[in-house]
Amino acid sequence: MITLTINEKEITLDKPVTVLEAARRAGIKVPTLCHHEALKPYGGCRLCVVEVEKMPRLQTACTLTVADGMVVTTESEAISKVRRGILEFLLINHPLDCPYCDKAGECELQDMVDKYGPTVGRFGEEKRKVPESHKDHILARNMERCIVCTRCVRMCGEVQGASAISIIGRGNRSRMEPFSSAAFDCEYCGNCLTVCPVGAILSRLYIHSFRPWQLDKEVETVCPYCGVGCSLVVQVRDDSIKRVVPRFDLGLNRGLLCSRGRFGYEYISSPERLKTPLVRKNGRLEESTWSEALSLVAEKLGQIKSRDGGTAIAGISSPRCCNEDNYVFQKFMRMTCGTNNIDTVSRTGFASAQKYFEDLLGQGITANMIDGLKNSDVILVLGGDPAAINPVLGLSIREAFRRGAKVLVVGNAKGLERYKTLQVMPEVFREADVLESLLIEIYGARGIRGEKPALDSGIRELSERGCERTGERDFDELRMTLLESVSISIVFGPDLVQRADGHRSLFAVSGLTYLLEARLYLLSEKPNEQGVIDAGCAPDMLPGGRPLSVQEFRRKFEQSWNGAIPSDDGMTLFEMIEGAANGKIKGMYIMGENPVFNLPNGSYIKEALKALDFLAVQDIFLTDTAEIADVVLPAKGWTEKTGTVTNLERRVQLQKKAVETMFGMEDWRIISEVSGRMGYEMNYKEAADVMEEMAKVSPLYRDLTYHEIGKGDCLWPYHGEPLRGEMKTVPEGAAMERDYTEDFYLSVERPLFHSGTLSGKSPALMKIYPEPALRIGTGTAEKGGLKDGDKVQFSTRTGSREAFVSIDDAIRDNRVYFSNNFRGRGALDLMTYNIDKVTKAAGIEGCEVKIKKL
Amino acid sequence: MFNDTVLKEIDDIRARYPERRSALLPSLYIAQKEFGHLSSEALLCVAKTLNLPEADVRGAASFYSMYRHKPLGRHLIQLCTNVSCMLLGSEKLADFISEKFRVEPGGTSADGRFSFVIMECIGACGTAPAMLVDTDFYDNLSEEGIVEILEKYK
Amino acid sequence: MEKILLKNTDTGNSADINEYVKAGGYRGLSKALGLQPGDIVDEVKKSGLRGRGGAGFPTGMKWSFAIADPKSPKYLVCNADEGEPGTFKDRPILEKNPHLLIEGMVISAYALGSERGYIYLRGEYPRAKEILDRAIDEAREKNFLGDNITGKGIKFDLTVYQGAGAYICGEETTLLESLEGKRGLPRNRPPFPVNTGAWGKPTIVNNVETLSNVPSIIERGGEAYSKIGSKFCPGPKLFSVSGRVEKPGVYELPMGTSLRDIIYAHAGGIKGGKKLKAVFPGGVSTPLLTADSIDCAMDFVSMPKAGSMLGSGAVIVMDESVCMVRVAYRTLKFFEHESCGKCVPCREGTEWLRKILERVEGGRGRNGDIELLSDVAENISGKTFCPLGDAAAGVVAGMLKNFRNEFEEHIKNA
Ligand SMILES: Cc1cc2nc3c(=O)[nH]c(=O)nc-3n(C[C@H](O)[C@H](O)[C@H](O)COP(=O)(O)O)c2cc1C
Ligand code: SF4
Ligand code: SF4
Ligand code: SF4
Ligand code: FES
Ligand code: FES
């Protein structure tokens, strides 16, 4: 116990903290400029000086650790004089351009000057001049305003880990610059911007457009981009979003954001948004009215249902939509249309992996707190770059590394280049071999665990069968490190699911998780991939992960929903596509998804969907899929409606409405309108009504209310125990017998700056990453005689594209990466697929590609 | 990129410290020698070789006054004008050098022969005024002495 | 006094290991390796040795802090940054007696239980770099460094790390940042380097001259050593004398020699028989003394009583012909140039002071400048992160206190 006195107030602490922190806890505010709660103490500005009895000089509260019996005074005439002096120093070279500066009104320096009012006008010399830099598209840099607190640099280096900016020069020549001294060319998280106390770094998205006091309101909500689910604050004026800012006391991201979350918000106010329903007339989509469009959907689906039965209808729902939307969607498919043919595009990644892991390891196995990553001894990273797929989760890995954790990477992961202890590069597409070998060896060392019979026997069989591996460098060290550690986290990305034998990796990772008692994190590219499953948008699962095949569960839902649920499992995503192609599926309802672009072999998908008798698409943009629909229904999007989403930790969070729009309807409302017209009434007035029902019928959501969720810590298992048992046997699969001996293979890039095609509607993200490049490793460059910036044509068996080459040292195999974020220029359309018999995901590995220099 | 000899040299330096970042200052000296000055390319090479963030490399390089960020003349005159040297007239010598060899402090002569910088104390105050030409020390300087010394540097 | 630090350095070949050994070098090391590390620390404590880098911290005590820290490895770092203007006392050791330093470091390392040492050498000493590198190679060849020192199974190796032109890197925490390859900004203390120094490990930073005293302490015993020079602050001391004296240079004299003697008895008095005006007794970072206050004993204990500090023992002498405004301006220009930029008062304050001084010196002084100078200096003093800013303010305060009239003259004649 430490007892000290600050301003005559006695304070008792159980652990030593800084005087600044002790004062804060006692409700005493000490002025600061260089200090920031997210950063380590610095001690540069000297504004936080305090008097401490028995200490000769004034002390800086932000750096001084409390000691028992310390007597501190934070305000006195002498202290004020010092602070005035400091502020005067800061102002001598500061352009007094507050009336013009965008920071005015939220500038820490301005506030401080207001409070301590330094003597002005004593500086009769010439000020330092540094021209403002507008050479970056996103961040404006005004180094005359910079007070060299280094908060930005420390944020970028110590927290974000990008280390893209530095203080250049020394003494009074110090200024913050990115390496190029012009464009930042960085991760564009903008976290430097958040911590800059003055107007030295500003976002060009809002510069000169408003002043903080002109905002109408601020709404706390959750990012629409990925499965991390960062909290952020949307600042609104005249029903339009002016700015997105994080808050350090808010959400799991604690003040950090990535480029998408911070700068990607403009898509929602894109002029390309769908405004009215469209109906296909004489082969063309024409503007229509809600009543015509809704009736038409109801009529067409009703016809198919009565003619061919519910099983001729299929629905694809969306991990971009809320839980409420998805819940209503599956209820509509099951109750109104009479089918279990419900799936999502997440089948190609998250959903397959999630189901596989839960089947073997038990429900909730992936429900781990992102924050917990920091406390791991070892983090094993598989199947993609977490720092790009789920950037803010990636920061926790970097943080863990800084704290001494060993980060073991299998495969390429650019964002961890400076944050890895070792990297094992499997031969191309041979990750499963490496993981199986690893499992066999760990099993050899640890033996059977004996808690999960299916896994135990699966592992035993695997080890009897054996696995060939081709002597990857550092494999032994990888194994040793895992065996020597206690607290292991495994971070699993979508890449390894997208294999025709993806289940092999899934099994191996299940086994590793089990034997090593690891925490498993499943990366998630979309904001609500987990929620979609929990809401029941799966062909074999009811809400709450209840297996459809169990009659007792079905009965319960039938009672609540007042009708019969078809008893057979429905079709998975690609079965539906096949069904559409071969005529088994006649009608399809797609909510918030764009399979034509987001699935491999898009041309084939498109033909299949075109073969449908009827296709309804509900979206916020006229996507490639919407373009071939018979009816297009405009939905409301993020910040235009309220609803919940569930992140990859299984934390349920609220996306709140922040702006009013005249166009579109909430997804759940559109569906209930259609449903009513088809004779099954859904009487929800508000999203909250849907949540109320979910809380009643789904054991997963029991007792959840928006109020409860709003507190931010509704993590699985909210109340209950597991809802679904584990599998008794491991599903049978088969290894692919294939050699990968071609020169180059095409893979899908998952860029940090884009997410689906949504980000393409955000001008800021388009400025950061304006066009797709063909990303190749140095080995590929050498082999192909290619240089950075070369224009090439690359072709696969199904098509070709032109692009510029970008060489990236972090790509260590002969895969070449191309993004699937630019309409008309996607990578997936160039790839064909083979379905994994176990997961029903599409394997897109081994897509050979020829590269020709133009 | 650096050639193999240089890479080897840097590797050897790295081995002497528990962390690779410590090899930064020595590597910057090497890069300066290889490239003449610390151009962006030079800094990138160092960053790559040591796997350090580029901005950190530039930030560190820019802190120290003995790294050169612009191309230099063939020879570098570094004259001290700190107090002890100043007390013995080094400021006048600075003017003399500027005039005689047509090179401003901080600049390079038009013929590219000399670059000239004013230094802080170089630890030769007992034999002030003093200067370094490239890595050679000269002290007890006078105008005639300087002319004679600089004659040797073509 | 018999020379200890600069013994034999006028032979022309004194840097050579054979010369050094011939003159009795590395005997201290042999003796030391026969002792327990703790005994060595005790001898150093008994010797009363205080750090020669400027602060005068008792060396033995500093060592025992690092020894008490359970973390390992431990590092020994020699501060050879010698950047304080007017200071050039480490240079003769580095260039002419490098083995004395190496011997001192090996003994110290053995006492500390350190197997790795670094010499942080200022970039401005390229010759010393060559000499030290060679000396280290020689010592390694002769088994005074390496994995099995003098066959006793003791390990210690040394590397010279070249600074690159930054005065602030002489400050020990900054030096460590620089050694780690970073920008030279001082670190927060605590934790102190003895606990969390280089790469987070317990680290001793000692000045060249400090470490060079160690062999003779061991050789003759702490007790005997403590009889040299001042009672509270014993040992030989190197004084760098520069400026307007007849015989500037480095003088090895007993600690506590009077400033007057240094100037008049050893350095030959004022150049051309002129009158003494002022002295920086320990580099420009120590308070200025006027002609009438030089009867003080130059040691760490007596100098504060005389209103100044021993600092690095760099005596810069100014005679009646010297313009103090000019000296003030040049000194502030130095501090402005060398301010690392971390803290506001130093970064902005030194610039402001220099700008005013530049005007005043250039005949563009204004009424009120003197009060402003004094107020700005006051706003810096005691508020900076490290002593550099204090020193800058101290120069202005000292000048105004003692030579206000010269400033007034300048402004009046503007
Ligand atoms: C601004 C500043 C510059 C310094 N420069 C030097 C220097 O050049 N050489 C040195 O030995 N100590 C210098 N010091 C003192 C060191 O911080 C430290 O006290 C010294 O290296 C400790 O060694 P010692 O105990 O042997 O004296 C400087 C201190 C400050 C505040
Ligand atoms: S935006 Fe992020 S990555 Fe870019 S400089 Fe700022 S903190 Fe660093
Ligand atoms: S740009 Fe802003 S945050 Fe960065 S050092 Fe300058 S004032 Fe501080
Ligand atoms: S990490 Fe994901 S949730 Fe967080 S800001 Fe980025 S895209 Fe949004
Ligand atoms: S807030 Fe403490 S020194 Fe800046
Ligand atoms: S002042 Fe010029 S060398 Fe020291």
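What the table below lists for this structure:
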{"quantity": "Estimated dipole of chain A in Debye, rounded to 20 [Cβ of Lys and Arg +1, of Asp and Glu -1, Cα centre]", "calculated": "1800"}
{"quantity": "Spatial extent of chain A: Rg and Dmax, with the Cα atoms as the point set, Å", "calculated": "28.5, 92"}
{"quantity": "With every protein chain in place, region B:75-151: carbon and sulfur % of accessible area (1.4 Å)", "calculated": "47"}
{"quantity": "Estimated dipole of region A:350-522 in Debye, rounded to 20 [Cβ of Lys and Arg +1, of Asp and Glu -1, Cα centre]", "calculated": "460"}
{"quantity": "Pairwise burial B:A, computed as accessible area of each alone minus the pair, summed, 1.4 Å, Å²", "calculated": "1200"}
{"quantity": "Separation of alpha-carbon centers, region C:169-221 and region A:587-615, rounded to whole Å", "calculated": "69"}
{"quantity": "Region A:32-53-region C:350-392 distance, computed between alpha-carbon centres (Å)", "calculated": "24"}
{"quantity": "Where C meets B: accessible area buried, both sides, 1.4 Å probe, Å²", "calculated": "3600"}
{"quantity": "Sites matching GluC sites (Glu not before Pro) across region A:502-587 that sit in DSSP coil, with at most 15 neighbouring C-beta atoms within 10 Å", "calculated": "A:E517"}
{"quantity": "Kirkwood-based Rg to Rh ratio, region A:2-75, C-alpha trace", "calculated": "0.92"}
{"quantity": "Coil-residue chymotrypsin sites (Phe, Trp or Tyr not before Pro) of region A:243-351, DSSP, other Cβ within 10 Å capped at 16", "calculated": "A:F248"}
{"quantity": "Relative compactness, region A:687-795, computed as alpha-carbon Rg over 2.2 N^0.38 Å", "calculated": "1.86"}
{"quantity": "Signed unit charges on C-beta, dipole axis of region A:54-153, positive-most listed residue A:I138, A:S76, A:C98", "calculated": "A:S76"}
{"quantity": "Mean separation of Cα contacts under 8 Å, 6 or more apart, over the residue count of region C:17-225: relative contact order %", "calculated": "32"}
{"quantity": "Total charge dipole magnitude, region C:17-225, about the Cα centre, Cβ charges on Lys, Arg, Asp, Glu only, Debye to nearest 20", "calculated": "260"}
{"quantity": "Per residue accessible area in Å² of the protein assembly as shown, where ligands, DNA and RNA are left out and the probe is 1.4 Å", "calculated": "36"}
{"quantity": "Percent carbon-and-sulfur accessible area, chain C, ignoring ligands, DNA and RNA, probe 1.4 Å", "calculated": "49"}
{"quantity": "With every protein chain in place, chain A: carbon and sulfur % of accessible area (1.4 Å)", "calculated": "48"}
{"quantity": "³J(HN,Hα), Karplus 6.51/-1.76/1.60, whole Hz, each residue of region C:25-32, x for Gly, Pro", "calculated": "x, 6, 6, x, 5, 4, 5, 4"}
{"quantity": "Buried on assembly, region B:82-102 (at least 40 Å² less accessible surface than by itself, 1.4 Å probe)", "calculated": "B:N82, B:V83, B:S84, B:M86, B:L87, B:L88, B:E91"}
{"quantity": "Chain-alone versus full-assembly comparison, region C:218-255, residues with accessible loss of at least 20 Å² (1.4 Å probe)", "calculated": "C:S242, C:G243, C:R244, C:P248"}
{"quantity": "Cα pair distances in chain C, grouped into 20 Å bins until the bin that holds the longest one, percent each", "calculated": "27, 56, 16, 1"}
{"quantity": "DSSP-defined beta bridges in region C:202-289 - what % are antiparallel, rounded to 5", "calculated": "90"}
{"quantity": "Label point distance in nm, A:R211-C:T150, each placed 7 Å from Cα along Cα→Cβ", "calculated": "7.7"}
{"quantity": "Relative contact order for region A:387-454, counting Cα pairs under 8 Å that sit 6 or more residues apart, in percent", "calculated": "23"}
{"quantity": "3J(HN,Hα) from dihedral phi, region C:296-307, Karplus parametrisation 6.51/-1.76/1.60, rounded to Hz, x for glycine, proline", "calculated": "10, 7, 7, 8, 5, 8, 7, 4, x, 5, 8, x"}
{"quantity": "Karplus (6.51, -1.76, 1.60) ³J(HN,Hα), θ = phi - 60°, over region A:551-564, in Hz, Gly and Pro reported as x", "calculated": "4, 4, 5, 4, 4, 4, 5, 4, 5, 5, 8, 6, x, 9"}
{"quantity": "Interface C:A - total buried accessible surface [probe 1.4 Å, Å², rounded to 100]", "calculated": "2900"}
{"quantity": "Shielding score for A:89-95, defined as the mean number of other chain Cβ atoms within 10 Å", "calculated": "4"}
{"quantity": "Amide hydrogen neighbours beyond the local backbone of A:L542, cut-off 5 Å, H modeled", "calculated": "A:L548"}
{"quantity": "Extension gain, A:W561 back to A:K281 (0.36 nm per residue minus Cα-Cα distance, nm)", "calculated": "97.2 nm"}
{"quantity": "Low-density loop cleavage sites - GluC sites (Glu not before Pro) in region A:84-115, where at most 16 other Cβ are within 10 Å (DSSP)", "calculated": "A:E106"}
{"quantity": "Value at 222 nm in deg cm²/dmol, rounded to 500, when DSSP H runs of n ≥ 4 in the protein assembly as shown each add -39,500 (n - 2.57)", "calculated": "-10000 deg cm²/dmol"}
{"quantity": "Charge dipole of chain A about the Cα centre (unit charges at C-beta), most positive-ward option of A:P751, A:A735, A:M665", "calculated": "A:P751"}
{"quantity": "Alpha carbon centroid spacing (whole Å) that separates region C:73-90 from region A:144-204", "calculated": "33"}
{"quantity": "Cα lying deepest toward the dipole's positive end in chain A, options A:Y225, A:A508, A:N341, charges on Cβ", "calculated": "A:Y225"}
{"quantity": "Chain-alone versus full-assembly comparison, region C:346-391, residues with accessible loss of at least 50 Å² (1.4 Å probe)", "calculated": "C:R347, C:E348, C:E351, C:W352, C:K355, C:N379, C:K383"}
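The values are calculated or read from the model by the stated rules, or taken from the named source; none is laboratory data. Note that the structure is a prediction, hence the values are computed from the model and not measured. With ideal geometry, Cβ positions are generated from the backbone for all residues, glycine too; neighbour counts draw on all protein chains shown. For accessibility, only protein heavy atoms count, side chains too; no ligands or nucleic acids. Shrake-Rupley method; radii C 1.70, N 1.55, O 1.52, S 1.80 Å.
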